[in-house]
1. For residues that are surrounded by fewer than 20 Cβ atoms within 10 Å (Cβ to Cβ) and among the hydrophobic types (A, V, I, L, M, F, W, C), scanning just segment 213-243, find the one that is nearest to Q354 (Cα to Cα).
2. Among the residues that make up segment 261-268, is at least one of them assigned to a helix (DSSP H, G or I), modelled with pLDDT of 95 or more and closer than 19 Å to G318 by Cβ?
3. Exactly one of these conditions fails for R246: (1) charged (D, E, K, R); (2) more than 18 Å from P122 (Cβ to Cβ); (3) in contact (Cβ under 8 Å) with a residue 40 or more places away in the chain. Give me its number.
4. Output the residues belonging to segment 177-216 that are of a type in the set (G, A, S) and either in a loop (DSSP other than H, G, I, E, B) or under 20 Å from the mean Cα position of the chain (by Cα) (or both).
5. Can you tell me which residue among S253, S183, S200 is without any contact (Cβ under 8 Å) to a residue 24 or more places away in the chain and over 16 Å from A140 (Cα atoms)?
6. Checking the condition of a type in the set (A, V, I, L, M, F, W, C) and at pLDDT below 95, which residue from I145, I116 passes?
7. Across segment 11-46, which residue is surrounded by the fewest Cβ atoms within 10 Å (Cβ to Cβ) among those that are over 17 Å from C303 (Cβ atoms) and of a type in the set (V, I, T)?
8. For segment 263-294, which residues satisfy the criterion of being surrounded by 20 or more Cβ atoms within 10 Å (Cβ to Cβ), closer than 17 Å to G252 by Cβ and of a type in the set (G, A, S)?
Amino acid sequence: MNSNSERPPVPLWLLVSPFVLSFVALMFKSPIVRKAMFLPIVGAVIRITVIRLSPGDYATACALTIQVFKMCDFLVLTDSHLELRPVGQIALSAGSLPLFERAKWAMRLLTSPRLIGWTSEPKNSSIPPRPTETSRIRFAIKQTIYLALHLLTVNILGITLKLSPGFLQRGPGLAGSGWGRRSVDALQYYAMVWTWISISHRIWVLILLSTGRWMPSDLPPMFASLGNAYTLRRFWGQTHHQMLRRVTTSHGSFVSEKLLRLPRHGRLSLCIQLYVAFFISGAIHHWGEYMVMPLNGFNLQACGSMKFFLLQAVAIHGEDIMISVGRRMEWSFGLKSTWRRKASKVVGCVYVWQWFTWCFPIGVDPLVRFGVIENGVQVEIIQEACKFFGKGCNFSA
C-alpha cells in the first residue's frame, strides 16, 4: 500500500465495537469481569489503528482513543459502580440496580464526560454557569439559532483557512509564516475547533431536550468566556471545554496517590498530576494522529500532539512559579483599581494568545501535512446559496 487511496475501509462494526463493548462492560456486576473487559476494547482500537483511518476521520480517531482512556478510568482505575452515582440515586452501588436501571446508568455515564448531574461533578468553577432559562421550547429555539450561526461560521472559516498558505497540505507550514499571519492563523484554528465542538454539543443538547427528561439548567455551555482566559491554567482549566477533565485527572490521581502514595494536596502531588494530565491529553491526540497518518513517508515521531501538550504542562508550571514568587514578594502591580484589573486581564489574554501563536504549529503542522484540514468535513452553505441564485462561487486559494 503506497497511498491513502489504497487503505482498506474499516468495517462499521469494528468502528462501533469499542463503544458497544464499553456499555456491555459497565453492565457486569463483578469488578474483575469489568476490568477484564478493558482488554477487548483496547484490542478493537489497536486493530483499527493497524488498518488506519483517512485524514478526514481525525475526529473519529480521537473519539476512539478517548474511549480507551475513559474506559481505563471507569473499568480499571475506578470502581465505577461504587464511586460514580447520579445525584438522587438512592442505591449505594449501580450493581444493585435492576438490569434496566443499570443500563440507563451505564448509558448516562458514557454520555456524560463532564459528569454534570453526578455526585462527582467538578465543583471548582471548571463547568460554565448553568442556563437560567426555564422553558424547554425557548431554550431549544436559542440552541437552533446558535447552531445555524455556528454552521455559517464554520463555512466562513473553511474559506479563510483555505486562503491561508499555512493550512495548505503542500504549503510552507504554519511555522513558516510571519508572526502577524501566524497570530491570525492561531485565532482561526481555535475558532474552528471551538465552533465544531460547539456544534456537536448543541446537537446533543437538542437531542436531550427532545426526550423531555432534561431541563435547560442541566445543560451548561461547553466553553466558558474567553475573557477569563488570562492565564494558561485558567484557559485549560476553565475556559476550554472540559470533556477530558475526568479522564486526565483520574489518571493523575492514580499515579500520585495510589502508585507514589503522595499527600493528595501536596505540592509534588499536584505537580505530578499536572504533567500526567497533559501526558494523557497528548497520548489521546498523538494516537489519533497516528491513526490517520499516510501509509508511507511518516512515522510516529512525525506527530506533534505529545510535544504540544507537554509544553502546556511546562508553561503552566512556570506560570505557577512566577505567580507564587510574585505573591511572596507582594507584587500587586497597582491592581487595586477596577480599570487596572481589567487592563491586566487584557494583557493576560494577549499573552495566552501569543503563547499559542508560538506553539500551535508544533501540534497543528503535522495535521496540515496529513491532510486533516483540507480533507475534513466541509460546510458549504454560502457556496450552495450562490449556486442556487445562479452566480456560482469560487473560493479556491
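1. Of everything passing the filter in segment 213-243, L226 is nearest to Q354 (Cα to Cα).
2. no
3. Result: R246 passes all but (2).
4. Matches in segment 177-216: S177, G178, A186, A191, S198, S200, G212.
5. Unique residue meeting the criteria: S253.
6. I116
7. Result: I32.
8. A277, S281, G282
The values are calculated or read from the model by the stated rules, or taken from the named source; none is laboratory data. It should be emphasised that the depicted structure is a prediction, and the values quoted were computed from it without experimental measurement. Positions of Cβ are backbone-derived with ideal geometry, glycine not excepted, and every protein chain shown enters the neighbour counts.
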